[in-house]
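*Asks:* Just dropping this structure here.
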Amino acid sequence: MAAAESTVYAKGLEGVIAGETAISNVEGDVGRLTYRGVPIEALIELDYEAVAWLVLFGTEPDAAEQAALKEFLNEESVLAGSDRVLLTSMSTDLHAMQVLQAALPALVATPRTDLLRELDEEARRGLVLVSKLPSLVAGYHQLSLGNALPEHVPGGSSLGNFLTQFTGSAPSDASVAALTRTQILQIEHSFNAGTFAARVVSSTLAPVEAVLCAGVGALAGQLHGGADEAALREAQKVGNAAVAPTYVTDLLARKGKLMGMGHREYRKVDPRAKLLKPMAVEAAFAGAMAKRGKELWANVEFYKGAVFKALGIPEEYFTALFAMARSIGWLAHFIESREDNRIIRPKALYVGR
Ligand SMILES: CC(C)(COP(=O)(O)OP(=O)(O)OC[C@H]1O[C@@H](n2cnc3c(N)ncnc32)[C@H](O)[C@@H]1OP(=O)(O)O)[C@@H](O)C(=O)NCCC(=O)NCCS
């Protein structure tokens, strides 16, 4: 078997094809991203639930399907009694990503409704967890402020309800629209570290709870999803564009990494960042990088913080919001990979004695 005898080795699996997917396509050389063949420029004009359906099941939903998913995400977002006990028993000074990783596999994942019964039983459980993630994030935020867990908001969109629960007041249409666009851009991104981690766990036939939890763990890291929080903290530390070039020059001299800059696949432009309105400070950062001979540009994490901050989301919750959207992508990969499963088990290059 040729594949088994292959000796391909690349640090960080750079350039290595590790599996097949029809969910999204990252064309790094031309700065293009599509979900199920549809470019993100068109996707951000759609409803969140329509994009979620497309990513999960590969077809554009009709009105009834879209309504069913919207209702599912709303109805199944209700935390069970034991979910509430779990959340309220946690220390209130944890990072939101720790809360998600700890709580997610222990939540009640059995659907409380009859909605979307046609789905595979395990995928349906996964979708319950996807529905509950916003309730966990908003609930933990309220608890950490010393408030009670927010009440369920019947009806409405998942993201609108999330903003109501998270901030404690009904959001404007403009806020919901801004969050929707940002979250659509974060739903899916092929074999990024978190999704690959989820696929590895899925390939062992571990339950869907463990699959989603693996995605959360990987996403938390600064080189991956955690870059959103780190990028905003770094921009705040820099303070203003005038001092940015000196900051960057010093950082690069120390071989440091600028958070929210660079990407494994997008070497010139991150199409998601392009859609999230460039800010002035990027020009200063990128100019200083170019002088050092590095072609590095802001990625999606660099701008997302500004959008989230304007919506009243503190930076320590940025990555948890990322997980809310990306959990849809992880579930899509769970469904896809189980259709033709083989355990993921690469070789190591042994360098010991
Ligand atoms: C995203 C990231 C992890 C990709 O890593 P990677 O594919 O291994 O990148 P590479 O190591 O091939 O980078 C090539 C060169 O650019 C440098 N570089 C890459 N990203 C950099 C950054 N953000 N700041 C400074 N230098 C950077 C590398 O140090 C390397 O320099 P060298 O050739 O002098 O050693 C990396 O760009 C990074 O750490 N970015 C900051 C974190 C971030 O924003 N992550 C979110 C991604 S959406």
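*Asks:* Please go through segment 213-237 and give me each residue that is part of a helix (DSSP H, G or I), of a type outside the set (Gly, Ala, Ser) and over 15 Å from TYR303 (Cα atoms), ordered by number.
*Replies:* CYS213, VAL216, LEU219, LYS237
*Asks:* Working only within segment 44-77, note down all residues that are among the charged types (D, E, K, R), within 12 Å of LEU115 (Cα to Cα) and out of contact with any Phe, Trp or Tyr (no Cβ under 9 Å at 6 or more places or on another chain).
*Replies:* GLU71, GLU75, GLU76
*Asks:* Could you check segment 161-220 and list, in sequence order, the residues that are in contact with a Leu (Cβ under 9 Å, 6 or more places away or on another chain), modelled with pLDDT of 95 or more and of a type in the set (D, E, K, R)?
*Replies:* If the condition is that a residue be in contact with a Leu (Cβ under 9 Å, 6 or more places away or on another chain), modelled with pLDDT of 95 or more and of a type in the set (D, E, K, R), then GLU188, GLU209 are the ones that fit.
*Asks:* Give the residues of segment 23-77 that are among the acidic types (Asp, Glu), within 16 Å of ALA273 (Cα to Cα) and assigned to a helix (DSSP H, G or I), sorted by residue number.
*Replies:* If the condition is that a residue be among the acidic types (Asp, Glu), within 16 Å of ALA273 (Cα to Cα) and assigned to a helix (DSSP H, G or I), then GLU41 is the only one that fits.
*Asks:* Among the numbered conditions (1) part of a helix (DSSP H, G or I); (2) under 23 Å from ALA138 (Cβ atoms); (3) without any contact (Cβ under 8 Å) to a residue 40 or more places away in the chain, tell me where LEU251 comes up short.
*Replies:* Unmet condition: (2).
*Asks:* If only one of ALA198, ALA210, ALA148 is away from the ligand (no atom under 16 Å from the Cβ), part of a helix (DSSP H, G or I) and surrounded by fewer than 20 Cβ atoms within 10 Å (Cβ to Cβ), which one is it?
*Replies:* Only one candidate qualifies: ALA210.
*Asks:* With respect to VAL26, is the statement that it is closer than 30 Å to THR7 by Cβ, in contact with a strand residue (DSSP E or B) (Cβ under 8 Å, 6 or more places away or on another chain), at pLDDT 95 or above and among the hydrophobic types (A, V, I, L, M, F, W, C) true?
*Replies:* On the way: closer than 30 Å to THR7 by Cβ: yes; in contact with a strand residue (DSSP E or B) (Cβ under 8 Å, 6 or more places away or on another chain): yes; at pLDDT 95 or above: yes; among the hydrophobic types (A, V, I, L, M, F, W, C): yes.
So VAL26 fits the description; yes.
*Asks:* Kindly indicate which of LYS70, LYS11 is of a type outside the set (A, V, I, L, M) and surrounded by fewer than 10 Cβ atoms within 10 Å (Cβ to Cβ).
*Replies:* Sole residue among the options that is of a type outside the set (A, V, I, L, M) and surrounded by fewer than 10 Cβ atoms within 10 Å (Cβ to Cβ): LYS11.
*Asks:* Which of (1) hydrophobic (A, V, I, L, M, F, W, C); (2) at pLDDT below 95; (3) under 16 Å from ARG326 (Cα atoms) is the odd one out, the single condition VAL153 does not satisfy?
*Replies:* All conditions pass for VAL153, except number (3).
*Asks:* Would you please name the residue that is nearest to THR204 (Cα to Cα), looking only at residues in segment 215-244 that are surrounded by fewer than 22 Cβ atoms within 10 Å (Cβ to Cβ) and more than 14 Å from the ligand (Cβ to nearest atom)?
*Replies:* GLY217
The values are calculated or read from the model by the stated rules, or taken from the named source; none is laboratory data. None of these values were measured; they are calculated from a predicted model. Here the Cβ is made from the backbone with ideal geometry for all residues, glycine too, and neighbour counts use every protein chain on show.
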